[in-house]
Amino acid sequence: MLYDNAQLISLYAEAYTWQPDELYKQIVDEIITFSTSELMSPEYGFYSALDADSEGKEGKFYIFTKNEIEEILGVEAGLFSIYYNITENGNWEEEESNVLFRKDSDEDLAAKLGLPVHELLAKIAASRQKVFDARGVRVRPGLDNKILASWNGLMLKGLSDAYRTFNKPEYLELALNNAGFILNNLLGQNGRLSRVYCATSSPDKPVAFLDDYANIVDGLIALYEVTFNEHWLQQAKSLADTAIAHYYDEAKGIFFFTADDDEQLIARKSEIMDGVIPASNSVMARVLKKLGLLFDNESYIEVSAQLLRNVMPQLAKYGSAYSNWVMLLLDEVFGINEIAITGAGAETFRKEMENNYIPNKIMLGGNTGSLPLLQDKFGASTQIFICKDKTCGLPAHNPADAIKEVEARFYN
């Protein structure tokens with residue numbers, strides 16, 4: 001599923017910032033490689049999913065018996081089977097076959113086997129390519145080629161988060177191309193989104209749900225934070241305004257899932273509980289908090305606060321169903337670091353700041369900028385301002401001093 005892969009990119013990218021582990025970096029790169037090769041359209045939109053089944057059997061494209069591995073690898077099969085926990089009877093008992101997975105770190109397994117780590121990895125890489133090539137001749141799973149606005153928003157955020165953490169230009173290029181696809185193909189001239197991309201028609205009245213707006217806004221904010229290009233932020237603001245105009249119930253302080261001018265159903269529902277994808281209301285609450293700070297817009301902040309107040313009684317009763325809401329609550333309790341970086345070296349300083357794990361932050365700046373918090377902050381040198389509630393301290397002239405100020409102001 002695209003939504004799983006997109007969210008895993010964000011998760012492992014953030015995990016790497018918290019605790020740099022080469023495995024996390026490898027996982028992000030492999031997920032992006034898979035997503036671009038298997039799920040990306042020529043226009044840089046991302047398809048929804050690959051089927052679980054092929055040839056009438058669940059997972060058949062991806063699983064191997066030990067005999068199949070031995071036929072492919074010959075004398076190399078023993079080491080490969082140890083590395084990926086392949087057994088004679090199958091580690092997936094239901095299908096009597098094997099899912100390739102790891103239990104030991106490379107270092108621990110190399111020590112057990114009495115091999116240098118680099119030698120182990122070289123052998124596994126060579127064997128893995130042979131298995132991959134053998135898999136390539138199998139009957140492939142079916143492709144669900146719907147391109148959904150909501151899930152592409154999740155992927156845009158994932159790619160932006162990957163670039164934020166690993167600073168690989170190809171990740172940013174993918175994010176920019178995906179954002180361009182979204183705005184060129186899913187956004188109408190009237191400022192309304194279409195939920196599903198259709199290359200052959202342009203409906204007069206496109207249909208989209210709240211999660212389409214929420215997740216694309218989230219992705220566009222993430223893209224702004226790694227580019228400091230206010231075009232993306234202005235697009236996010238415009239979509240948030242559209243969502244408020246057509247989906248928000250001011251009397252109840254909650255967003256409906258469908259627009260006020262959509263086909264009227266028996267009941268107009270609201271999505272509150274977080275599931276495999278965060279609830280559209282919780283995403284809107286978090287992005288409106290960010291936009292409120294970035295644009296100094298109290299109405300956004302108040303809508304976000306009202307949404308959180310509405311669900312507060314439920315948080316302690318069933319925490320796992322409100323995880324995204326709890327993240328917003330943490331921001332309310334501990335505050336958000338508003339980190340403004342201005343000047344010719346803003347991009348260099350931004351990259352250095354991103355090497356530090358600061359989960360409760362927004363980033364803004366550039367060589368120029370029109371956002372309220374950036375006013376009067378451009379000087380002859382590159383500067384970093386650490387702000388809270390739109391109040392900023394004295395500028396720091398290098399990331400190390402800025403990090404010290406973050407620690408002093410927020411964590412002592």
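A few notes on this one:
- Under Karplus coefficients 6.51, -1.76 and 1.60, residue-wise ³J(HN,Hα) of segment 345-358 in Hz, glycine/proline x: x, 4, 5, 4, 5, 4, 4, 5, 5, 5, 6, 9, 7, 10
- Apportionment of accessible area to carbon and sulfur, segment 97-232, percent (1.4 Å): 53
- On the basis of the beta-carbon distance and an R0 of 60 Å, Lys252 and Ala408 show a calculated FRET efficiency of 0.90.
- Counted charge near Leu328, where neighbours are those whose Cβ lies closer than 9 Å (Asp, Glu -1; Lys, Arg +1): 0
- Summarising the label geometry, the points placed 7 Å from Cα in the beta-carbon direction at Glu107 and Gln189 lie 6.1 nm from one another.
- Computed about the Cα centre, the dipole magnitude for segment 16-127 is approximately 300 debye when only Lys and Arg (+1) and Asp and Glu (-1) carry charge, each at its Cβ.
- Percent of Cα pairs in segment 83-162 per distance bin of 10 Å, from zero to the largest separation: 14, 26, 30, 26, 5, 0.
- Nearest-20 debye value, segment 90-224 charge dipole, Cβ charges on Lys, Arg, Asp, Glu: 380
- For segment 1-141, convex hull volume per residue from C-alpha positions, Å³: 135
- The mean sequence distance of close C-alpha pairs (under 8 Å, at least 6 residues apart), as a share of the length of the chain, puts its relative contact order at 12 percent.
- Of Leu100, Thr17, Asn145, farthest towards positive along the dipole that unit charges on Lys, Arg, Asp, Glu beta carbons give the chain: Thr17
- Theoretical FRET efficiency, 1/(1+(r/R0)^6), r = Cβ-Cβ of Trp92 and Asp389, R0 45 Å, to 0.05: 0.30
- Subtracting the Cα-Cα distance of Gln375 and Arg138 from 0.36 nm times their residue separation leaves 79.4 nm of extension gain.
- Restricting segment 298-334 to chymotrypsin sites (Phe, Trp or Tyr not before Pro) that sit in a DSSP loop and have at most 16 other Cβ atoms within 10 Å of their own Cβ leaves Tyr318.
- Remark on Ile254: its backbone amide H falls under 5 Å from those of Asp249, a criterion applied only to residues 5 or more positions apart or on other chains, H modelled at 1.01 Å from N.
- The alpha-carbon atoms of the chain, seen along their principal axes, cover 68, 57, 44 angstrom, with the largest extent given first.
- For segment 160-303, the relative contact order comes to 18 percent (Cα pairs under 8 Å, sequence separation of at least 6).
- Formal net charge of residues neighbouring Ile339 (Cβ-Cβ distance under 12 Å; K, R +1; D, E -1): 0
- Cα convex hull of segment 3-85, projected area averaged across orientations, nm²: 7.7
- Average accessible surface area per residue within the chain, 1.4 Å rolling probe, Å²: 48
- In segment 311-364, a dipole from Cβ-located charges (positive for Lys and Arg, negative for Asp and Glu) runs towards its positive end, and of Pro313, Leu328, Asn356 it is Pro313 whose Cα lies farthest in that direction.
- In this calculation the C-beta distance from Ser323 to Val75 is compared with R0 = 51 Å, giving a FRET efficiency of 0.60.
- HN-Hα J in Hz across segment 227-239 - Karplus 6.51, -1.76, 1.60, θ = phi - 60°, x for Gly and Pro: 10, 6, 8, 5, 4, 5, 6, 5, 5, 4, 4, 4, 5
The values are calculated or read from the model by the stated rules, or taken from the named source; none is laboratory data. The model shown is predicted, which means the values in this text are computed figures rather than measured ones. FYI the Cβ positions are ideal-geometry reconstructions off the backbone, even for glycines, and counts take in every protein chain you see. Accessible surface areas use protein heavy atoms only, side chains included; no ligands, DNA or RNA. Shrake-Rupley method; radii C 1.70, N 1.55, O 1.52, S 1.80 Å.
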